[in-house]
1. Residues in the range 57-64: is at least one surrounded by fewer than 24 Cβ atoms within 10 Å (Cβ to Cβ) and over 16 Å from residue 244 (Cβ atoms)?
2. Which members of the range 176-190 meet the condition of being open to solvent by 50 Å² or more (accessible area, probe 1.4 Å) and either modelled with pLDDT of 95 or more or in contact with a strand residue (DSSP E or B) (Cβ under 7 Å, 6 or more places away or on another chain) (or both)?
3. Just to confirm my filter: which strands (runs of 3 or more DSSP E) fall fully inside the range 169-281 and include at least 3 residues that are touching a Gly at 6+ places or on another chain (Cβ under 9 Å)?
4. Can you give me the number of residues within the range 256-273 that are more than 14 Å from the chain's Cα centre (by Cα), in contact (Cβ under 8 Å) with a residue 60 or more places away in the chain and open to solvent by 50 Å² or more (accessible area, probe 1.4 Å)?
5. Filter the range 147-175 for residues that are in contact (Cβ under 8 Å) with a residue 60 or more places away in the chain and over 17 Å from residue 271 (Cβ atoms) and give the result.
6. Can you tell me which condition residue 124 does not meet? The list is (1) open to solvent by less than 10 Å² (accessible area, probe 1.4 Å); (2) within 22 Å of residue 273 (Cβ to Cβ); (3) aliphatic (A, V, I, L, M); (4) part of a helix (DSSP H, G or I), and all the others hold.
7. Being open to solvent by less than 10 Å² (accessible area, probe 1.4 Å) and either over 13 Å from residue 36 (Cα atoms) or outside any loop (DSSP other than H, G, I, E, B) (or both) is the filter here, so list the residues in the range 74-88 that pass it.
8. Which members of the range 89-121 meet the condition of being free of Cβ contacts under 8 Å to residues at least 40 places away in the same chain and either open to solvent by less than 40 Å² (accessible area, probe 1.4 Å) or closer than 14 Å to residue 295 by Cα (or both)?
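The values are calculated or read from the model by the stated rules, or taken from the named source; none is laboratory data. No experiment lies behind these values; they were computed from the predicted model shown. Every residue, glycine as well, gets a Cβ built from its backbone with ideal geometry; the counts of neighbours run over all protein chains shown. Ligands, DNA and RNA are excluded from the accessible area calculation, which covers all protein heavy atoms including side chains. Shrake-Rupley method; radii C 1.70, N 1.55, O 1.52, S 1.80 Å.
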Amino acid sequence: MSIGPLDDETVAKYREAGEILRTVMDETREMVEPGVTHLEVAEHAEARIHELADGCAFPANISINEEASHATPARDDETVFGEDLVCLDLGVHVDGYIADAAVTVDLAGEDQLVEAAEQALDAALDEIGPGVETGVVGGAIEDVIRGYGFTPVLNLSGHGVAQYDAHTGPNIPNRGTDRGVELAVGDVVAVEPFATDGRGKVGEGSKEEIYSLERERSVRNRQAREVLEHVTENYRTLPFAARWIDSPRAEMAISRLSRQGVLHGYPVLKEEDGRMVSQAEHTVIVTEDGCEITTA
């Protein structure tokens with residue numbers, strides 16, 4: 001059935017993306033074990049998404065310990081899981097309509113930190129409905145995380161998702177605010193609490209493996225032009241991994257396009273104190289009586 005301004009076909013695509021993501025997430029999280037490489041897990045998740053859906057909404061994010069977001073393995077990455085806190089964040093799209101979800105796999109003995117993010121997500125989803133302000137949702141997240149003795153990551157937030165747009169409004173803060181946006185029937189949002197045992201701020205690291213198209217312009221360099229054509233044809237405005245570009249001198253071409261402002265790079269985000277970060281996330285559609293969780 002239609003939901004507010006979303007017609008039946010659009011709702012069906014959001015639901016299909018969510019169902020596929022649930023399947024892939026269940027499979028992939030079971031692979032996260034000591035000795036397995038990050039690349040094996042990422043490539044499995046992405047291959048399954050391409051098998052079942054129209055494509056990835058963004059590269060498989062595998063964030064370790066103090067990393068919070070934008071971490072994905074490079075083409076030749078041989079890093080293996082150890083006694084780590086592993087945040088696994090996956091995205092699926094069906095005709096551009098997106099499902100986005102995350103879980104934290106605890107190999108480090110940080111069960112309370114993991115539970116804090118999960119319970120904060122449950123509390124946030126209980127608040128969501130038409131007429132509810134995003135600051136109220138953020139307040140529910142903050143109350144739970146602080147109740148566990150941890151801190152929400154204050155400069156990260158949940159977000160809306162739209163067709164071929166993995167990060168749009170409204171933002172869903174991870175703390176209570178007096179200023180916010182009123183949710184409406186038909187809004188599709190990804191709610192993602194981050195909890196940490198640090199002070200709750202993330203900053204940019206030096207590693208950068210994820211990019212998206214910022215703007216199209218003429219490019220004179222042949223290799224850069226070929227990469228740009230591949231990106232616009234296959235990913236549109238959705239983020240992609242550098243390792244997905246299989247062409248000669250791809251690294252140099254991506255670097256050139258980034259310097260020219262054609263591509264936008266996403267540095268890995270890390271907790272500024274180097275402390276652990278956990279994450280939990282679902283995508284929901286706001287309905288007349290609350291919300292429908294597409295990725296539950």
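1. Let us first name the residues in the range 57-64 that are surrounded by fewer than 24 Cβ atoms within 10 Å (Cβ to Cβ), namely 64.
When the remaining residues are screened for being over 16 Å from residue 244 (Cβ atoms), the result is 64.
Scanning the range 57-64, I find at least one residue that is surrounded by fewer than 24 Cβ atoms within 10 Å (Cβ to Cβ) and over 16 Å from residue 244 (Cβ atoms), so the answer is yes.
2. If the condition is that a residue be open to solvent by 50 Å² or more (accessible area, probe 1.4 Å) and either modelled with pLDDT of 95 or more or in contact with a strand residue (DSSP E or B) (Cβ under 7 Å, 6 or more places away or on another chain) (or both), then 181, 182 are the ones that fit.
3. Numbers: elements: 188-191, 194-196, 202-213, 263-271, 277-279.
Answer list for the range 169-281: 188-191, 202-213, 263-271.
4. First pass over the range 256-273, keeping only residues more than 14 Å from the chain's Cα centre (by Cα): 256-265, 270-273.
Remaining after also requiring in contact (Cβ under 8 Å) with a residue 60 or more places away in the chain: 270-273.
Checking which are open to solvent by 50 Å² or more (accessible area, probe 1.4 Å) leaves us with 270, 272-273.
Within the range 256-273, residues that are more than 14 Å from the chain's Cα centre (by Cα), in contact (Cβ under 8 Å) with a residue 60 or more places away in the chain and open to solvent by 50 Å² or more (accessible area, probe 1.4 Å) number 3.
5. Start the filter on the range 147-175 by keeping residues that are in contact (Cβ under 8 Å) with a residue 60 or more places away in the chain, which leaves 153, 156, 158, 161-166.
Listed by number, the residues that qualify are 158, 161, 162, 163, 164, 165, 166.
6. (2)
7. Narrowing the range 74-88 to residues open to solvent by less than 10 Å² (accessible area, probe 1.4 Å): 81, 85-88.
Passing the criteria: 85, 86, 87, 88.
8. none
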